[in-house]
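Data block below; observations after.
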Amino acid sequence: MSQPPHVLLSAAVSLDGFLDDTGPERLLLSNAADFDRVDEVRAASDAILVGAGTLRADNPRLLVNSPARRAARVAAGLPEYPLKVTVTASGDLDPAARFWHTGGAKAVYTTDSGAARVRGLNLPADVVPVGPELDWRAVLDHLGTVRGVQRLMVEGGGRIHTQLLRQGLADELQLAVAPLFVGEAAAPRMFGTGPYPGGPRSRLRLLESRPVGDVVLLRYAPTVPGTGERVSAADRHWLALACELAAECPPSRTAFSVGAVVVADDGTELARGHSREAGDPVVHAEEAALAKLDPADPRLAGATVYSSLEPCARRASRPAPCARLILDAGVRRVVTAWREPDTFVAGADGSGLLAAAGADVVVLPEYEERATAPNRHLLGR
């Protein structure tokens with residue numbers, strides 16, 4: 001099952017948030033140790049992406065420089081270099097740029113109008129038009145589905161980082177923070193001003209912080225759920241967590257193992273639960289999670305419930321099924337990995353019950369294998 005690639009935003013920034021200064025030469029914010037770290041991240045990626053503006057400003061090659069890392073890629077059955085990708089709405093590209101004449105395969109994602117201009121340049125690259133506008137979801141879908149890219153490293157510029165983060169499409173940020181100030185209002189910043197998912201209340205999840213020479217590497221993951229049927233990168237993180245919780249369930253021959261997480265619209269985890277939690281042989285995951293919350297908590301109205309299995313619509317063990325508990329709590333968005341089979345309840349349709357009451361139900365089938373793993377003994381798989 002194809003899915004969008006893991007999108008990693010990578011950059012070096014000054015202490016005051018700039019990517020460069022206004023001088024004619026590129027300001028080197030990283031040190032030798034960090035350049036080597038970036039080379040390692042590139043080698044672990046399936047594709048590296050930069051915008052056309054970065055190609056014009058920096059003329060990068062975007063190579064894996066270490067011969068040992070390139071050899072390891074080849075030994076693993078991968079191309080020597082990751083796919084190099086650029087995006088341009090206008091098709092304004094320089095055929096003499098080093099990007100085109102180094103490394104391996106290359107691709108240009110552009111608009112319908114920009115495609116004609118790019119093709120006229122006779123570049124050694126696949127040209128992929130994605131519509132009248134540059135649609136990032138279409139770009140990522142093509143990279144994942146057609147090119148088989150599972151891990152995409154985005155190296156700029158700031159405008160592209162901003163767009164991907166605002167649209168909820170970035171899975172991870174890797175920032176190398178340099179011990180210097182730029183202090184020039186006209187210098188390019190890492191992120192632009194304007195609204196971001198969750199607003200200023202939303203806090204990203206810290207994955208790692210460590211010194212690399214005299215710079216500090218900070219790795220963060222966005223946490224804000226998507227809206228309606230629109231899926232954010234954070235939705236995948238929270239559903240993966242629900243699947244991990246399902247694996248913690250005490251095994252049963254008469255009930256599924258399910259995990260659930262309740263997340264506020266600013267990305268705050270409100271509660272989590274799993275089937276048969278705390279020794280209760282009949283408690284369901286969503287039920288266990290919601291029971292930990294005050295029913296009057298105003299955050300429930302904008303929350304998302306992540307459940308590794310579709311919430312139940314009928315049950316004999318308790319008066320109310322989980323789909324009804326979710327609706328009664330005021331939640332109107334549910335993300336799940338698979339629909340309930342007829343193993344215990346024929347014609348189960350928790351999603352239908354939720355949708356009939358106005359809730360948005362999003363199914364991410366690429367997580368079905370993880371969700372069903374602790375239930376294989378019930379499914380005959």
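None of the figures in this text is laboratory data; all of them are computed from the coordinates on show. This one's a predicted model, so the numbers in the text were calculated from it and none came from an experiment. Neighbour counts run over all protein chains shown; Cβ positions are idealised from the backbone, glycine included.
The long axis of helix 136-145 is offset from the longest Cα principal axis of the chain by roughly 80 degrees. Residue order for Ser202, Ser308, Ser257, Ser275, fewest other beta carbons within 10 angstrom first, comes to Ser202, Ser257, Ser275, Ser308. Counting beta carbons within 10 Å around each of Thr54, Thr304 and listing the fewest first gives the order Thr54, Thr304. For the stretch 1-106, the set of GluC sites (Glu not before Pro) satisfying both a DSSP loop assignment and a count of at most 16 other C-beta atoms within 10 Å is given as Glu25, Glu80.
Within the stretch 249-286, the trypsin sites (Lys or Arg not before Pro) that combine a DSSP coil assignment with at most 16 other C-beta atoms in a 10 angstrom radius are Arg253. In the chain, what % of DSSP beta bridges are antiparallel (nearest 5)? Taking every DSSP beta bridge within the chain, about 40 percent pair in antiparallel fashion.
With Cα atoms as the point set, the stretch 214-280 shows a radius of gyration and Dmax of 15.3, 57 Å.
The angle between the Cα long axis of helix 233-246 and the longest principal axis of the Cα atoms of the chain comes to about 40 degrees, rounded to the nearest 10. In plain terms, the chain from Phe181 to Ala76 could stretch by 33.6 nm, reckoned as 0.36 nm per residue minus the Cα-Cα distance.
Spatial offset of the stretch 1-48 relative to the stretch 146-177 amounts to 10 Å, using the alpha carbon center of each. Gyration tensor over the Cα atoms of the stretch 6-221: the corresponding equivalent ellipsoid has semi-axes (square roots of 5 times the eigenvalues, largest first) of 26, 21, 18 Å. What you get for the stretch 233-379, charging only the Cβ of Lys and Arg (+1) and of Asp and Glu (-1), is a dipole of about 360 debye around the Cα centre. Springs between Cα atoms under 10 Å define the GNM used for the chain, and in it the highest mean-square fluctuation of Gly158, Gly17, Gly77 occurs at Gly77. The chymotrypsin sites (Phe, Trp or Tyr not before Pro) of the stretch 168-230 that DSSP puts in a loop, and whose beta carbon has at most 16 other beta carbons within 10 Å, are Phe181.
What do you get when you divide the Cα radius of gyration of the chain by 2.2 N^0.38 Å, with N the number of residues?
Numbers: Rg = 23.3 Å, N = 381, 2.2 N^0.38 = 21.0 Å.
For the chain, the normalised Cα radius of gyration comes out at 1.11.
Which of these, Asp342, Asp16, Asp36, has the largest mean-square fluctuation under a Gaussian network model of the chain (Cα springs below 10 Å)? So, out of Asp342, Asp16, Asp36, the one fluctuating most is Asp342. Taking the DSSP bridge list for the stretch 6-221 and keeping only pairs wholly inside it, about 30 percent are antiparallel.
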